[in-house]
Structure formats: C-alpha cells, structure tokens
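The values are calculated or read from the model by the stated rules, or taken from the named source; none is laboratory data. For clarity, every value in this text was computed on a predicted model and none was experimentally measured. For neighbour counting, all protein chains shown are included, and Cβ atoms are generated from backbone atoms with ideal geometry for every residue, glycine included.
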Amino acid sequence: MNTLLKKEMKLGALLLTYLFIGFGIMTLLPGYPILCGAFFITLGIFQSFQSAREANDIVFSALLPVAKRDVVKGKYQFVMMIELLGFAVMTVLTVLRMTALADSAVYRQNALMNANPFFLGMALLVFGLFNAIFLGGFFKNAYKMGKSFVIYIAVAFFVIFIAEALHHFPGLEALNAFGFEHIGLQLALLAAGILLYVALTYMSYNKACENFEKTDL
C-alpha cells in the first residue's frame with residue numbers, strides 16, 4: 001500500500017464513507033431497486049471529497065514531495081478501494097440469493113431486479129460512471145464538484161431505471177434469472193460490466209492526470 005493511499009484512508013476519508021459501504025446490504029432487500037446500493041456507496045465517497053475540499057486537502061497533497069500524477073493516483077486508488085469493498089459485499093449477498101435463497105417466495109414474487117451476475121455487472125457500471133463523470137470532473141480544476149456530481153446522479157439513476165426495466169421486455173427475461181439459470185449469459189454480462197468499469201476508470205484516470213498537471217493551485 002503506497003503512502004498517498006494511506007493518507008487518503010486516514011486523513012482524507014470520513015468515517016461516513018466507510019459506513020456507506022454497508023449499503024451493499026441493500027442487495028438483500030426485496031421490492032426495492034437494489035442497484036441504488038451502488039449509488040449510495042458513491043454518495044459516501046462524495047462526502048469525503050466534499051470534506052477534503054473544505055480542508056484544502058488537494059493543496060496540501062500537491063505541496064507534498066510527490067508528482068501531481070501521484071496525487072491523482074492516490075485519490076483513484078482510494079475511490080476504487082471503497083467501490084470494490086462495496087462490490088465484495090454485494091457479491092457475497094448475491095451468491096447467497098443465488099443459492100440458499102434462490103427459491104424464496106419473497107424474491108420470486110419481486111417485480112424488480114433480481115440479485116444475479118447481471119446485477120453485479122450493472123453495479124460495476126454505476127461505479128465506472130462515478131469515476132468517469134464525478135472523479136474525472138473533479139480533477140478538471142480540483143475544486144468544483146457540484147455540477148459533475150449532479151450530472152452523475154442523473155446518469156446513474158437513468159442507468160438504474162433502464163436496468164430495472166429491461167427484464168420486463170419480451171425476450172429479455174433471462175436478465176432477471178434466478179439461481180444458476182442462464183448462467184452463461186449472466187457471467188458474460190458480468191464480464192462486460194468488469195470491462196466497462198476498467199475502461200471507464202482507466203480513461204478517466206489518464207484524463208484526470210492530464211487536467212491536474214495543467215491546474216494552477
């Protein structure tokens with residue numbers, strides 16, 4: 001673990017951000033859009049960025065004997081750590097719903113999205129969009145963040161709405177598979193989510209480094 005990541009974890013992060021990882025437990029909620037759990041995890045990250053901005057954290061980081069690119073790297077590593085911890089919670093509970101709870105009536109009768117690999121892939125897409133829109137937007141000037149977060153909210157909830165609606169269309173019922181039904185398709189959709197998360201984060205990181213290098217603090 002590098003020094004800047006430790007600094008983000010101990011100095012830059014609010015306790016609230018760590019607590020919001022617990023929103024991954026929403027994966028177990030029947031009759032609720034469970035993808036909102038991914039959004040709430042990113043909301044916790046946003047709170048840390050907001051607090052750090054008020055404390056002039058970005059200026060402090062830039063004054064350290066490190067390259068500007070490393071400051072960006074530390075922020076991205078921290079964000080990804082929180083996202084992947086939340087994703088781990090979601091994954092464990094999704095496996096629980098796919099096995100022990102696969103035939104539970106409370107889930108079978110639920111008209112909303114089921115917890116399966118497609119759900120996990122969509123959660124990664126929400127995280128990737130946060131990294132691309134909010135995190136990338138933050139490093140355009142390393143201070144303003146309201147506009148980029150509002151845009152992220154709009155895009156994230158549009159994606160959640162589409163994900164919730166898709167399995168209601170004829171021919172797309174397999175997206176809401178229970179247990180290990182249509183597991184090949186489900187794993188392919190999860191793989192697509194992983195690729196999108198990696199691509200969005202990687203492109204956002206490179207652009208953020210370029211922008212931060214040009215930022216006059």
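Is it fair to say L187 is at pLDDT 95 or above and surrounded by 20 or more Cβ atoms within 10 Å (Cβ to Cβ)? Here the answer is no, as L187 does not meet what is asked. For segment 139-167, give me each residue that is touching a helix residue (DSSP H, G or I) at 6+ places or on another chain (Cβ under 6 Å) and within 19 Å of Q47 (Cβ to Cβ). Those that are touching a helix residue (DSSP H, G or I) at 6+ places or on another chain (Cβ under 6 Å) and within 19 Å of Q47 (Cβ to Cβ): F139, A142, M145, S148, F149, I151, Y152, A156. Going residue by residue through segment 196-215, is there one that turns out to be in contact with a helix residue (DSSP H, G or I) (Cβ under 7 Å, 6 or more places away or on another chain) and within 16 Å of I34 (Cβ to Cβ)? Among the residues of segment 196-215, not one is in contact with a helix residue (DSSP H, G or I) (Cβ under 7 Å, 6 or more places away or on another chain) and within 16 Å of I34 (Cβ to Cβ), which makes the answer no.
For segment 32-54, a residue qualifies if it is touching a helix residue (DSSP H, G or I) at 6+ places or on another chain (Cβ under 8 Å), over 21 Å from F158 (Cβ atoms) and touching a residue at least 60 places away in the same chain (Cβ under 8 Å), and exactly one does: F49.
Annotation note: of L35, L14, the sole residue that is surrounded by fewer than 18 Cβ atoms within 10 Å (Cβ to Cβ) and either closer than 18 Å to N131 by Cβ or among the hydrophobic types (A, V, I, L, M, F, W, C) (or both) is L14.
Reported count of residues in segment 111-148, each being under 15 Å from A208 (Cβ atoms), at pLDDT 95 or above and among the aromatic types (F, W, Y), is 2. In segment 48-76, of all residues being within 21 Å of the chain's Cα centre (by Cα) and farther than 22 Å from Y202 by Cα, the one that is surrounded by the fewest Cβ atoms within 10 Å (Cβ to Cβ) corresponds to Q50. A163 meets the stated requirement of being within 14 Å of L196 (Cβ to Cβ), in a helix (DSSP H, G or I) and not charged (D, E, K, R). Identification of helices (runs of 4 or more DSSP H) wholly contained in segment 1-89 with 2 or more residues that are at pLDDT below 90 yields 3-7, 36-54, 57-63. When residues in segment 160-170 are screened for being surrounded by 17 or more Cβ atoms within 10 Å (Cβ to Cβ) and either among the aliphatic types (A, V, I, L, M) or at pLDDT below 95 (or both), 2 of them pass. Consider T91 carefully, then state whether it is surrounded by fewer than 22 Cβ atoms within 10 Å (Cβ to Cβ) and within 27 Å of N176 (Cα to Cα). Against the criterion (surrounded by fewer than 22 Cβ atoms within 10 Å (Cβ to Cβ) and within 27 Å of N176 (Cα to Cα)), T91 qualifies.
Scanning segment 166-217 for residues that are polar (S, T, N, Q), closer than 30 Å to F138 by Cβ and in a helix (DSSP H, G or I) yields a count of 4. Of everything in segment 110-137, what is in a helix (DSSP H, G or I) and polar (S, T, N, Q)? Give them in sequence order. Scanning segment 110-137 gives a single hit, N131.
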